[in-house]
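Quick note: the coordinates plus some simple rules give every number you see, no bench work behind them. Since we're looking at a predicted model, the values are computed, not measured. Virtual Cβ from ideal backbone geometry, glycine too; neighbours counted across all protein chains shown.
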Amino acid sequence: MKNNFTLFALALGLFLFFSGVLAAAEAPSARPANVILEEITFLLGNFQFDEAIALFDTMDPQEAANSRNRLHKASVLISAGKTGEARIIVEEVSRSEPGNLDALFILSTIEAASGRTRERQAVLERIVASDPQNINALLELASLHFYTRSIDNSITYYDQVLEIDPGNLNALLGRAEIHRLHRDPYAAEILLNSAVSLHPNQAAPFRERAQLYRGAGFLVQALEDLDRAKELDINDYDIALDRGLTLNDLFRREEALEDFERAAVLWPSDFRAYVFIAGIKDILGDLDGAERAYEIVTTLNPAYFYAFEGLGLHKMRKGQWLEARDAFAEAYIRAPDEYLYALLTAASYMRHNIAGPRQFLNQAMTNMVRRDISRQESIEFLMLRLFHEATNRSFNGEDNMLARIERETDQATRSRMTFFMGLYNDIRGLTNTANRFYQQVRDMNQRYLPEWRLNEWILSDRGIEPPF
């Protein structure tokens with residue numbers, strides 16, 4: 001969506017550029033062109049693309065045939081996603097006016113929207129060959145080479161822009177970003193300081209400098225820049241997101257949550273803000289709120305399997321075993337090498353019906369061995385097998401599993417397997433034995449593990465508080 005929005009903004013920018021030229025040069029007509037253009041601009045601002053396109057038909061035919069107006073219409077068609085129709089207009093103008101650089105620039109936008117990177121680059125190079133000081137084309141080439149990782153070429157084009165216009169904001173920010181990514185923070189800061197000084201009323205340089213400061217651990221300075229950026233553009237999604245992350249790093253979580261929730265309002269179809277909302281609400285104890293946020297993430301970005309993990313943990317916390325099973329199964333489908341999701345799927349199902357996941361576990365073990373035969377000796381495989389045997393009400397492998405856990409040297413793995421032993425005994429109805437395993441997990445203190453969080457919820461629900 002962000003790329004589509006960028007293309008819309010570029011097309012709208014072209015539209016506004018042409019509008020200014022035409023308003024100054026319009027010929028008298030029954031319905032003035034500048035009035036029509038103002039109406040089109042309003043409609044575009046409200047994303048009423050079809051209505052904006054239809055207004056071109058109300059222009060005086062002579063005005064409508066003007067190449068600038070035709071290119072104007074093409075830019076609106078791009079905003080509406082109708083790049084095929086836009087291409088026809090632009091190519092017609094280019095044939096009749098081979099030197100029309102505006103037509104070529106719009107064509108480069110069409111190529112970008114169509115994912116034709118080579119063709120886009122070739123068009124932009126034609127513009128620069130004809131007009132070596134065409135800043136818009138130079139900036140587009142710099143950006144294109146940056147995203148295709150031709151960094152040296154990107155630097156060349158940014159430097160050309162800065163030679164022509166030393167205060168160009170886009171070039172300063174682009175060049176600074178390259179320095180930042182190449183671990184030259186001092187050079188990046190010099191450029192960003194210039195950008196802030198030259199463009200004190202623009203939010204972008206403050207946000208970019210804040211990213212530099214946050215990456216270097218200067219959180220207070222980063223927050224100061226983001227405060228200023230927020231003042232300048234309170235409706236910018238990325239500023240809200242970055243400010244939330246910085247406040248969270250400063251352990252000011254309630255304030256961070258406010259920014260993440262503001263970001264979610266600004267761009268409700270992007271999943272990232274909800275991920276952070278869920279995490280902070282978990283920490284602050286708003287567990288139902290966290291669960292709702294995870295559910296939203298699974299809808300907005302089903303490929304983000306961590307959201308299914310979080311949702312599954314909350315369903316397990318509430319004893320909603322089938323819902324937990326479904327969530328963990330979705331996580332496992334998306335991350336088939338994460339066999340702990342297979343265990344969580346099975347454990348949830350077994351709390352509802354001990355024999356239920358027999359076929360699922362058999363397939364999970366088969367998949368593990370098929371991917372890597374050596375995994376047959378892994379502790380995860382042995383735990384899967386223990387759960388599989390339990391579906392047949394065979395509980396003879398516990399001693400071997402405990403011995404294997406005792407030999408495990410990785411503390412995270414040992415903690416996780418101990419937690420699953422707690423689930424295993426809960427499934428068998430041995431609550432006191434399960435509680436002893438859960439208490440062992442607490443003592444191991446592997447707090448970053450999702451299982452540790454679930455473990456704490458289980459103990460708290462059972463009234464087993466940590467010793468003081």
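Below is a table of values for the structure above.
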| item | result |
| --- | --- |
| Neighbourhood net charge (11 Å Cβ-Cβ; Lys/Arg +1, Asp/Glu -1) for Asn201 | -1 |
| For region 302-461, fraction of C-alpha pairs farther apart than 20 Å, in % | 46 |
| Non-local Lys pairs in the chain, i.e. 8 or more apart or on different chains, that have alpha carbons under 27 Å apart | 8 |
| Normalised per residue, the volume of the convex hull around the Cα set of the chain (Å³) | 195 |
| Footprinting exposure proxy for Met383, Met368 (fewest neighbouring C-beta atoms within 10 Å first) | Met368, Met383 |
| Additional length obtainable on full extension of the chain from Leu250 to Gln133, 0.36 nm per residue less Cα span | 37.6 nm |
| Kirkwood hydrodynamic radius over Cα pairs of region 129-269, then Stokes diffusion coefficient at 10 °C and 1.306 mPa s, in µm²/s | 100 |
| Helix axis angle, 339-352 relative to the chain longest principal axis, alpha carbon, degrees | 60 |
| Length-normalised contact order for region 302-461 - Cα pairs under 8 Å, 6+ apart - percent | 17 |
| Spacing of the two label points (7 Å from each Cα toward its C-beta) at Glu465 and Asp399, in nm | 4.0 |
| Length added when fully stretched, Glu323-Leu181, from 0.36 nm per residue minus Cα-Cα | 46.9 nm |
| For region 342-426, radius of gyration divided by Kirkwood radius, i.e. Rg to Rh on alpha-carbons | 0.94 |
| Two-site label geometry, Asn392 and Glu119: point separation in nm, points 7 Å out along Cα→Cβ | 6.1 |
| Modelled FRET efficiency - R0 60 Å, Glu377 with Glu163, Cβ distances, 0.05 increments | 0.40 |
| Residue-by-residue Karplus 3J(HN,Hα) for region 48-64, coefficients 6.51, -1.76, 1.60, Hz, glycine and proline x | 9, 5, 4, 5, 5, 5, 5, 5, 4, 6, 8, 6, 4, x, 5, 5, 5 |
